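Report on the structure given below.
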Amino acid sequence: MDFVYTTEANNLPEGKVSWESPSNIALVKYWGKKREQLPANPSISFTLNNCKTTTSLSYSVSNNLSFEVYVDGKREEGFEPKIKTFFERISPYSSFINNYKFRIDTSNSFPHSSGIASSASGLSALALCICSIEQNINSEFEGELFLNKASFLARLGSGSACRSLFPKMASWGKHSELKNSSDVIGSPYDDIHPVFATYQDTILLVDKGQKQVSSTVGHGLMHQHPFAETRFKQANNSLSKLKSALKTGDLVTFNKIVETEALTLHAMMMSSDPYFLLVRPNTIAIIEKVWEFRAEHQLNLTITLDAGANVHLLYPKAEKHAALDFIKSELVVFCENGAYICDKVGLGPKQLGL
């Protein structure tokens, strides 16, 4: 895919653009990558609704690329090396950025280090802002081309970010059974039963501290992992099975695959070199409580995990009342300061007025 677009510096506009973009939670996990931010296996995710990043990008013409990052109105130089890397990666595909000075103002609707993928929401929002500038330069840059390039650029910042561009569900990574699947961009996934369009996600905040290992380091450990090839094969098989369950509304199969994927992700971290144990005793306590409650009440509460201790509790909207009662009576005791976040499947990013 050729996303290269250049223009003469004297045609460059100035101004400000703002986007909000959601995080996402993977059901089939991406863990391990190849060169240039390409996935070692395909993944599929729910796009969230409430957990999102709002980013405003002010841009003025300059002889050289420069930028400053502000989080909740405060200059945060600690975030700037990651943004610098992002700009370096996207420069061949959006060369006009080299003629700009940027001010990046960003904020999250969720706490930092809460186990929600802020890199996915943050870098997808920034990629959308960059593409909006390109659209101001070239009015024909719109529609599917705009969205695909935003996903392409977002991936260069954070792999999972390329899935945040689409409503409800998205896939990323080439898979023989997924039409239009790609390693270089995320793809909308809409062959789903109506039950999944309104699925709920309550994030139980077991540990709000910084992760022991960054995702970049964790992905890198898969290069020499003794079980890597088996894991990549498992992910492909999981996606094949999940595809059928998503179409038919088979919640029993959905639960099994999603939980297997979550536990396998942590098994890979526990068996890497060096190894990491990111779950906490309260993580395990929540999982066991959920399994007991599900068996006793014949409900469809499902756990999944990212690379951390916090638990995402997934369930159909029809079971929301029972699930929240259970959370309040049985699970908040295992959350740090009783904290949890209620979210649900959402409709993707939105451009904001100035």
Just want the answer: with Cβ charges of +1 for Lys and Arg and -1 for Asp and Glu, which residue in V332, W19, P226 is farthest toward the dipole's positive end in the chain?
P226
Ranked packing of 244-251, 60-67, 231-238, most packed first, by mean Cβ within 10 Å:
231-238, 244-251, 60-67
When the C-alpha atoms of the chain are aligned to their principal axes, what extent does each axis show, in angstrom, from largest down?
68, 43, 42
Residue separation times 0.36 nm, minus the C-alpha to C-alpha distance between V217 and R35: what's the value?
64.1 nm
Under the 7 Å Cα-to-Cβ spin-label approximation, E14 and H193 lie apart by a distance in nanometres of 5.7 nm
Square roots of five times the Cα gyration tensor eigenvalues for the range 102-240, Å
26, 22, 17
Inter-centroid distance (Cα atoms) of the range 245-279 relative to the range 33-56, Å
17 Å
Cβ-placed point charges (K, R +1; D, E -1), dipole of the chain about Cα centre in debye, nearest 20
300 debye
Plugging the Cβ-Cβ distance of K82 and T253 into 1/(1 + (r/R0)^6) at R0 = 41 Å yields, to the nearest 0.05, a FRET efficiency of 0.60
Helix 228-248: inclination vs the chain longest Cα principal axis, degrees, rounded to 10, gives 80 degrees
Could you give the size of the charge dipole of the range 9-191 about its Cα centre, using +1 on the Cβ of each K and R and -1 on the Cβ of each D and E, expressed in debye and rounded to the nearest 20?
480 debye
Along Cα→Cβ, 7 Å out, is where each label goes; now give me the distance between the ones at L352 and E68 in nm to one decimal.
1.9 nm
For the range 120-131, in order, what is each residue's ³J(HN,Hα) by Karplus, 6.51 cos²θ - 1.76 cosθ + 1.60 with θ = phi - 60°, in whole Hz (x at glycine and Pro)?
5, 6, x, 7, 5, 5, 5, 4, 5, 4, 4, 5
For a protection proxy built on the mean count of beta-carbon atoms within 10 angstrom, sort 260-273, 286-299 highest first, please.
260-273, 286-299
Mind ranking 150-158, 51-59 by how tightly packed they are, going by the mean number of other C-beta atoms within 10 angstrom, highest first?
150-158, 51-59
Using modelled amide H (1.01 Å from N, peptide plane; none on Pro or chain starts), what sits under 5 Å from the amide H of A170, excluding residues fewer than 5 places away?
S45, T47, Y189
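What value, in deg cm²/dmol to 500, does the helix sum -39500 (n - 2.57) over DSSP H runs of n ≥ 4 give at 222 nm once divided by the residues of the chain? The partial results should precede the final answer.
Details: 9 runs with 121 residues, N = 354.
Value at 222 nm, helices only: -11000 deg cm²/dmol.
Read-outs throughout are calculated quantities, based only on the coordinates presented, and are distinct from any laboratory measurement. Predicted model only: the values in this text are computed from it and were never measured. Backbone-built Cβ (ideal geometry, glycine too); neighbour counts: all protein chains shown.
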